[in-house]
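Visitor: I am attaching a structure below and will ask some questions about it afterwards.
The values are calculated or read from the model by the stated rules, or taken from the named source; none is laboratory data. The structure displayed is predicted, hence computed values, not measured ones. Glycine also receives a Cβ, built like all others from the backbone with ideal geometry; neighbour counts cover every protein chain displayed. Keep in mind that these areas ignore ligands, DNA and RNA; they rest on the heavy atoms of the full protein, side chains included. Shrake-Rupley method; radii C 1.70, N 1.55, O 1.52, S 1.80 Å.
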Amino acid sequence: MTGSSAGVVAPRELHARLRARQDLVVVDVGTRDEFAAGHLSVATHVPLDHLEPRLPLLAPRPTVPVVVVGTREETVMRAVPRMAALGYTDVSVLDGGLAGWRAAGGELFTGYNTVSRALGEVALRRLGTPRVSATELRAGLDAGEDSAGEDVVLLDTRTAEEFEYTAIPTARNTPGVELVRRAYAAVRSPHTRVVVTCAGRTRGIIGAQTLIDAGFPNPVAVLDGGLAAWSLAGYPSVAGSTAPLPVPEPAQEARAGESARALAARTGVLEISAAELSGFVAAAADRTLYLLDVRTQAEFVAGHLRGSRWAPGGQLIQATDEYVASRGARVVLVDDGYGTRGFTTGVWLARMGLPDVAVHLLDLDRRSPDLPRPDVRRPDLPRPDVRYFDLLRQDVVGSDVLVCGPETVPLPEVPTVSAPALRELLDGGAAVVVDVEPPSAAGWLLARPYIPGSWVTTRSALAAWPGLPAGEPFLVVTSGDGTLARWATADLRAAGRGSAAALDGGTRAWREAGLPTATDSAQQPADPGKPLVLPPPPTRQQRARLHEDYIVWCAALEEQLRRDGIVSFPVGVAAVDAGARALGKEVAR
């Protein structure tokens, strides 16, 4: 592919290639609302404004075939030359777009994280995960320990941030795949009953079933409907809770690891050595390799393999399409110790139908020889503004020597200002702040802080904003962590707006500096003709209806995926794939 040209792929051909699990990426570049209204089952959502920072992480091989889709043809065609600038050499668009896919008999899915949500429903139905209602849980918690020595412990698998925001009283936080390795420390006796919960459904089901499959000796069930069902039942929740379970004792860790390893072996997920990983790295120019570290963020920052991404196991299963865009790629999960987190995550990725999943365990006391750097060089491109992508191409697995620090992505070279410096500029009336990370539609659930007095817009709208101030005052662009702000600033400077800079570290750095913030409900839009309107918090009745609709949507996913014929789940049955292929015949014609 050269310039802005792109190939065209027919719906029938794309369906066949996806069903065959080829190393192929389908990218939907529409807005969040457009994606939620209808998308291909295996599409990865990368909005146009986020293309440069996100796509190279989701499609790290520049020669991987990429098919661009979206609700609006204009958006799709704007994405094509930008992908060429990133170095992608095999970009196609879907013939007829989403409408053409649907006309050919293909399925369009609503919502988000379709495949991950469906997996939870499949596990619940096929494996018979035990469930308890909010009423039953409340009764068990109120009763305490009965005459038989039975008590109830509640384990919440959500992230620490979600748990701190609101949680069920007495719950303990065991984020994602920390559950199996820490659950042993939660029970006081063989009679203790364990109930696993999450915000709504999927993570709780996956967590409870993982404990059961790994041979956890105590009775285990999932809270049906999770925290949402608890709240709708009128029971109280608490805010600011920070009650994580402690790191397990060595004997508990060993027991959990042995169980997880045995479970993974039954699903075909095995440990690979440094030498085997070296072979995968050497082949990464021809087959996409995802190297995902499933340990805690603190462990990742303390030392990780170069080129690996932090992907906490629970979130990786809950939102797989946000980490793995090609279902035909190799996936290597990085863990340490006994590998409990890596093996349990691998089990569910294999159950999701990913064909090649392995686990690599770090030896934190020994450093292996350097692994060869994979040849992922891209051909020279005519655009001179792509040099910073070379940095990403170099930041692939290079050695088993661990590097410290948080995950980083290459950013364009633009002027930046620090949070204290911005404060001085604002105090002197010498700067205007523009926020290019608008609040989500669920802003009522968790308000997004912003810098007081800032305007809010999008990256695309900022570059085309007719009311953009010329010259003075100085324009400072911010976003959540500053990444998107860098790209928006690069757009401005490319358009000749030289008096602009990005806030280093974004609004998060502003907050960490102890500077004041406000809530997004009062943030002013950059374009007065497009006022910022956030939905009000839903009433209890509206929340109940939303919860009911979500359950209905989840329950319908398995049947729709069966009609779709692309994804099948080897969970609880031996030959799901043949039936799924037969039911995909309409689009394959």
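Visitor: Going 7 Å from the Cα of D33 along its beta-carbon direction, which residues of the range 62-105 have the amide nitrogen within less than 17 Å of the resulting point?
Guide: 71-73, 75
Visitor: With a point put 7 Å past each Cα toward its Cβ, work out how far T408 is from R125 in nm, to one decimal.
Guide: Modelled inter-label distance: 4.7 nm.
Visitor: While we're here: How much of the DSSP beta bridge set in the range 117-248 is antiparallel, as a percent to the nearest 5? It would help to have the intermediate numbers written out before the result.
Guide: Details: 1 of 14 bridges.
Roughly 5 percent of the beta bridges in the range 117-248 run antiparallel, per DSSP.
Visitor: Let me ask you something else. Between A233 and A464, take the C-beta separation as r, use R0 = 56 Å, and let me know the FRET efficiency to the nearest 0.05. Let's see the in-between values first.
Guide: Numbers: r = 48 Å, r/R0 = 0.86.
The formula returns an efficiency of 0.70 here.
Visitor: Tell me, what is the percent relative contact order of the chain, built from C-alpha pairs under 8 Å that lie six or more residues apart? Before the final figure, lay out the partial values.
Guide: Details: 1187 pairs, mean separation 89.1, N = 589.
Relative contact order here is 15 percent.
Visitor: Set the Förster distance to 56 Å, then compute FRET efficiency between Q560 and D427 from the Cβ-Cβ distance, nearest 0.05.
Guide: Values: r = 55 Å, r/R0 = 0.99.
For Q560 and D427, the calculated efficiency is 0.50.
Visitor: Also: For R511 and E249 in one chain, what is 0.36 nm times their gap in residues minus the Cα-Cα distance, to one decimal in nm? Intermediate results must be reported in sequence, preceding the final value.
Guide: On the way: separation 262, 0.36 × 262 = 94.32 nm, distance 3.66 nm.
Taking R511 through E249 to full extension adds about 90.7 nm, to one decimal.
Visitor: Give me the net charge of P312's neighbourhood, meaning all other residues with Cβ under 15 Å from the Cβ of P312; Lys, Arg count +1, Asp, Glu -1. Mind dumping the intermediate values first?
Guide: On the way: positive: R158, R181, R182, R203, R295, R309, R341; negative: D156, E161, E162, E178, D293, E299, E322, D335, D336, E407.
Its environment carries a net charge of -3.
Visitor: Starting from 0.36 nm per residue, how many nanometres of slack lie between L57 and A285 once their C-alpha separation is accounted for? All intermediate terms of the calculation are to be shown ahead of the outcome.
Guide: Values: separation 228, 0.36 × 228 = 82.08 nm, distance 1.48 nm.
Stretched fully, the L57-A285 segment lengthens by 80.6 nm.
Visitor: Find the relative contact order for the range 7-112 and round it to a whole percent, using C-alpha pairs within less than 8 Å whose residues are 6+ positions apart. The partial results should precede the final answer.
Guide: On the way: 172 pairs, mean separation 39.7, N = 106.
Relative contact order, the range 7-112: 37 percent.
Visitor: Sticking with this structure for a sec: Considering only C-alpha atoms, what is the centroid distance from the range 241-288 to the range 447-526, in Å?
Guide: The range 241-288 and the range 447-526 have Cα centres spaced 41 Å from each other.
Visitor: Just add up the charged neighbours of V46: K/R +1, D/E -1, any other residue whose Cβ is under 12 Å from the Cβ of V46.
Guide: Around V46, the charge tally is -2.
Visitor: Here's another thing I want to ask about it. Of the labelled options (i) 1.61; (ii) 0.98; (iii) 1.87, which one gives Cα Rg over 2.2 N^0.38 Å as computed for this structure?
Guide: (ii)
Visitor: If we count every other residue with Cβ under 13 angstrom of A522's Cβ, Lys/Arg +1 and Asp/Glu -1, where does the sum land?
Guide: Numbers: positive: R448; negative: D435, D520.
Here the charged neighbours net out to -1.
Visitor: Also: Please state the relative contact order of the range 117-248 as a whole percent: Cα pairs under 8 Å, 6+ residues apart? Don't jump to the answer; show the numbers that get you there.
Guide: Numbers: 246 pairs, mean separation 44.3, N = 132.
After rounding, I find 34 percent.
Visitor: Roll a 1.4 Å probe over the protein heavy atoms and report the accessible area of R117 in Å², nearest 10.
Guide: It works out to around 40 Å².
Visitor: Same structure again: Can you tell me the length gained on complete extension of the stretch E258 to R543, counting 0.36 nm per residue apart and subtracting the Cα distance? The partial results should precede the final answer.
Guide: On the way: separation 285, 0.36 × 285 = 102.60 nm, distance 4.19 nm.
Stretched out fully, the E258 to R543 stretch lengthens by 98.4 nm.
Visitor: Rolling a 1.4 angstrom probe over the protein heavy atoms, how many square angstrom per residue are accessible across the chain? The partial results should precede the final answer.
Guide: Numbers: 24660 Å² over 589 residues.
Ligands and nucleic acids excluded, the figure is 42 Å² per residue.
Visitor: Further question on the same structure: How about the range 84-173: which chymotrypsin sites (Phe, Trp or Tyr not before Pro) there lie in a loop by DSSP and see at most 16 other Cβ atoms within 10 Å? It would help to have the intermediate numbers written out before the result.
Guide: Working: sites: Y88, W101, F109, Y112, F163, Y165; in loops: Y88, Y112.
In loop regions of the range 84-173 (DSSP not H, G, I, E or B), the sparsely surrounded chymotrypsin sites (Phe, Trp or Tyr not before Pro) are Y112.
Visitor: To the nearest 0.05, what FRET efficiency results for R72 and A302 with a Förster distance of 51 Å applied to their C-beta separation?
Guide: Working: r = 44 Å, r/R0 = 0.87.
Using R0 = 51 Å, I get an efficiency of 0.70.
Visitor: List every DSSP H helix in the chain whose Cα atoms extend 15 Å or more along the helix's own long axis and whose mean Kyte-Doolittle hydropathy is at least -1.0.
Guide: On the way: long enough: 73-86 (20 Å, 0.22); 114-127 (19 Å, 0.32); 202-213 (16 Å, 0.45); 250-266 (24 Å, -0.61); 340-351 (17 Å, -0.02); 483-494 (17 Å, 0.00); 540-564 (35 Å, -1.12).
Correct list, ordered by number: 73-86, 114-127, 202-213, 250-266, 340-351, 483-494.
Visitor: Computing the accessible area with a 1.4 Å probe over protein heavy atoms, can you report the carbon and sulfur percentage for the chain?
Guide: Details: 13170 of 24660 Å².
Of all accessible area on the chain, carbon and sulfur atoms account for 53 percent.
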